[in-house]
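Taken together, the values in this text are just the output of simple stated rules run on the coordinates, not laboratory data. From a predicted model like this one, the values you see are computed outputs, not experimental measurements. Neighbour counts run over all protein chains shown; Cβ positions are idealised from the backbone, glycine included.
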Amino acid sequence: MTKSLPDTNILRQKNAAALAKVGVIAKVVEEVNCSIYYTAREFSIEYQISDEKLTSYLNSLKLAEEEKKNTTCLLNKIRRINTRNLIVHRILEKIVEQQKDYFASNNEFNLKPLSQAGLARLISDSRNGSHNLDFTIDTSRISRALRKLSIITPGEKEIPLRFFFVSKKDMVKRSIIAILKREKKDIGSGRITKAHTDKELKHIIKEEYGLSVTRRGVAYCRKELGILAYSERNGYVYHTLAANYSRVYLFTAPSVEDNAPTSPGVYELCVDGGGIEYPTGCCQTFYIGSAQNLRKRLLSHLSSSSKNGGIKTVIRERPCVFRYLRIPQGWDQEEKKFYNLFVLTYGDSPQCNHMSPKVASK
């Protein structure tokens, strides 16, 4: 005889059996409250065993010793299944209860810090609930129960149960990674001009993620992640160095003739509007070059005999602009500096620069 565990549902989907075979024990469905739907009925039941009736029944049978031994082994297996089902059910109930914000948003930053020891305490404190247990669910039982089990979230993601156990330190690290990833893009686009200090990170983590952490705690987590300090992340970036460029002109032959000087310097070709996605940011620049005669070089890019097919493709497909910086001596060295800082800022070379510039002048 069996009975269902309290507040259990069975998933009625064609692939439910297949999910159960690969360790997906349940799906969390967002209804009025998040509900647990097991992928197989055998996960949601408890076998009812009356020791008194069973003993009386077995005594009425004339069983051989081997049969008695097999019967005992079978009963022990059934009891272990009951224990496993009860433990996993209570674990799932508490995970869904504690991480309801994550299930509602599908955003990992809405996870609450939760340890296996903390979960064990929560289960112990709720023993007066709908299903009393005659055994203790401690961290050891929880650790074994979590092994190789996963669930499907309301966002249709398969997530290992261990994912829901995160420390406050883990959450701080995740937030630091997210903030500094955004920091790179913001510096690259010019939205901010300096890297965040640990003190500033502390305030952003509190404001955006609701986590209270000390400045020293931020520094400790940052160092564990291998992230450089503010002072080491706050060197020149490409847009800062490029601030002294000329105004922007249309990249057409008449415009170059009218506006580009015949003197030496560094120049930049950009798309006019929109941008180009680079690994760490979006930028309009697609080529950086230098020349002893800026006007002559720019016109050569617009000629049909231009050897840079990438530039020809871009100017054919999109409106483009140019700007320049006069440099009387060492213009190729300055081009190298601009190029290296572009790579440092955006994580890759400009789209149409096929190789790093060579320095000829001394």
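Expressed in Å, the radius of gyration and Dmax of the Cα atoms of region 168-233 are 11.1, 32. Of the chymotrypsin sites (Phe, Trp or Tyr not before Pro) found in region 134-171, those in coil by DSSP whose Cβ has at most 12 other Cβ atoms within 10 Å are Phe135.
Distance between the pseudo-spin-label points of Asp125 and Asn33 (7 Å out from Cα toward the beta carbon): 1.6 nm. If you run the Gaussian network model on the chain, springs between alpha carbon atoms under 10 Å, then out of Lys168, Lys185, Lys199 the most flexible one is Lys199. Here, region 2-164 has an Rg and a Dmax of 18.1, 63 Å when only alpha carbons are counted. Here r is the Cβ-Cβ distance between Arg80 and Asp101 and R0 is 30 Å; the resulting FRET efficiency, rounded to 0.05, is 0.30. Calculate how steeply helix 65-98 sits against the longest principal axis of the alpha-carbon atoms of the chain, using the helix alpha-carbon long axis, and give the answer as 0 to 90 degrees to the nearest 10. Once rounded, the angle reads 40 degrees.
Amide H contacts under 5 Å for Cys320: Phe251, Asp272, restricted to partners 5 or more places along the chain or on a different chain, H placed in the peptide plane at 1.01 Å from N.
Here are labelled values, (i) 35, 21, 19; (ii) 53, 24, 15; (iii) 68, 23, 17, and one is the computed semi-axes √(5λ) of the Cα gyration tensor in Å for what I pasted. Which one? Evaluating semi-axes √(5λ) of the Cα gyration tensor in Å on these atoms matches (iii). A crude spin-label estimate for the pair Ser212 and Ile49, with each label 7 Å from Cα along the Cβ direction, gives 4.9 nm. The helix-only estimate of mean residue ellipticity at 222 nm for the chain, built from DSSP H runs of length n ≥ 4 each weighted as -39500 (n - 2.57), is -14000 deg cm²/dmol after division by the residue total. With respect to the chain, whose longest principal axis is taken over its alpha-carbon atoms, helix 168-189 is tilted by about 20°.
Quick one: helix 215-224 against the long Cα principal axis of the chain, what's the angle to the nearest 10°, folded into 0 to 90? Compared with the principal axis, the helix lies near 90 degrees.
Each residue, Ser4 and Glu65, gets one label point 7 Å from its Cα in the Cβ direction; the gap between the two is 4.6 nm. Other residues with beta-carbon under 10 Å from the beta-carbon of Ser150 carry, at +1 per Lys or Arg and -1 per Asp or Glu, a net charge of +2.
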